[in-house]
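Below: one structure, written as structure tokens.
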Ligand SMILES: Cc1ncc(COP(=O)(O)O)c(C=O)c1O
């Protein structure tokens, strides 16, 4: 078979959804799982990364005895710097990304019995924050090409209870916010961005976290700007951030959010001084790392898209991702039917750690537990809760994404080019031996 007929056969078989036979060439080295040498043996950059130069600033806080937010100005300084970096009007630091989401939902008046339209393809904290507000997370479908919320599936899920849309910029890839904001505007809904994985991600010249009413960030240890735990809310509205401040600080008056005594509800979701110093010292590094991750992701995408059966994601026009994870979709048909699990095992054996990030979490039990609780049964009719539960069947795009996505963590993107090139090399090797690996 000449090259042209071979490519034509692949294209036709793929279109028919058939397994495409891949044959081994004599020169193909054996995969590690079949007794060959792993492609990559040198390890990957560690995460999180610490610099000795940051230590005096942190020690200074501890030695001062001023640890809590109210004792000093370090948290406010970080807030000012982070807002400036993002082009936000203001920022409020919080104890975590989860609490940032909870504060934002409260401030945007999401109340018991309300509904929030959200992406199902996200870390579970997104669901939990909505459930904690005694509101229903109503899942729009996931677009398999982008792994983000499919804006076309939002409007059909709006009811008279819907108060907000919560798009998640998953893996730091911006959602198509113009389309989402247009639906929100038409139906008078709040937009709360879950930007917990999207520090410095850009859409149409603006940063994620400044594209809706409020944007929420996480600074947990695995994140690009880590302080163990921590979070932030950003906005173009100083008034909304003042309200967030009051709610996150036990309901105390702040700025334009004022009244007499305990005039509003609240909780303690405050950040500490030491966390703020750790974060502020990393802002330069965040920008430098982001440049490196972007260049690495572009390099990887160029190589991976040449491999049949590996599909990198599509980003909205005029947007830039920051790649908290680097994902692609895997088509087993192009690997002699080698299952995704076996593919990932083979890749890990080559020294390339990878995972299947999210499964259909709404089937796990937490949603059932919530909708069978006394409170939820009081707030919605049994017919609505049944229709809600049944609607998960319609999430066909999300099901496909959960079943076919493979991703690598961001620290791999900080490696040298020669190490990065091991990723497509390992995948090509696995493809050449996919029939043998499928049988193993
Ligand atoms: C998309 C998303 N939302 C929310 C959160 C919650 O953030 P945290 O772990 O800081 O509470 C995370 C954290 O992993 C996240 O990835």
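Readers should treat all values here as calculations from the given coordinates under stated rules, not as data from a laboratory. Note that the structure is a prediction, hence the values are computed from the model and not measured. All Cβ positions, even for glycine, are placed from backbone atoms using ideal geometry, and neighbour counts span all protein chains on display.
Per-structure values
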read-out	value
Selected from 278, 117, 233 as most flexible by GNM, with the chain as the system and alpha-carbon contacts under 10 Å	278
FRET efficiency, 1/(1 + (r/R0)^6) with R0 56 Å, evaluated for residue 84 and residue 428 via beta carbons	0.80
Quotient of C-alpha Rg and 2.2 N^0.38 Å, computed over segment 325-440	1.46
Segment 198-327 shape via C-alpha gyration tensor axes, a/c threshold 1.5	prolate
Selected from 419, 213, 284 as most flexible by GNM, with the chain as the system and alpha-carbon contacts under 10 Å	284
Packing-based exposure ordering (other Cβ within 10 Å, fewest first) of 289, 178	178, 289
For segment 176-236, share of DSSP beta bridges that run antiparallel, in % to the nearest 5	65 percent
Per-selection metrics, segment 95-181 (Cα): Rg and Dmax in Å	12.2, 35
Alpha carbon centroid spacing (whole Å) that separates segment 348-409 from segment 106-139	13 Å
Modelled label reach - residue 355, point 7 Å along Cα→Cβ, segment 228-262 residues with backbone N closer than 19 Å	228-230
Rounded tilt (10° steps) of 238-248 against the dominant C-alpha axis of the chain	90 degrees
Inter-site label distance for residue 112 and residue 71 at 7 Å from Cα along Cβ, in nm	3.7 nm
Fraction of beta bridges assigned by DSSP in the chain that are antiparallel (%, nearest 5)	65 percent
Distance (nanometres) between label positions extended 7 Å along Cα→Cβ at residue 252 and residue 374	3.5 nm
Computed over segment 31-140, Cα set: Rg, Dmax in Å	21.3, 60
Rounded tilt (10° steps) of 283-304 against the dominant C-alpha axis of the chain	30 degrees
Candidates 379, 105, 211, ranked by Gaussian network fluctuation over the chain, Cα under 10 Å, top entry	379
More than 40 Å apart - percent of Cα-Cα pairs taken over the chain	24 percent
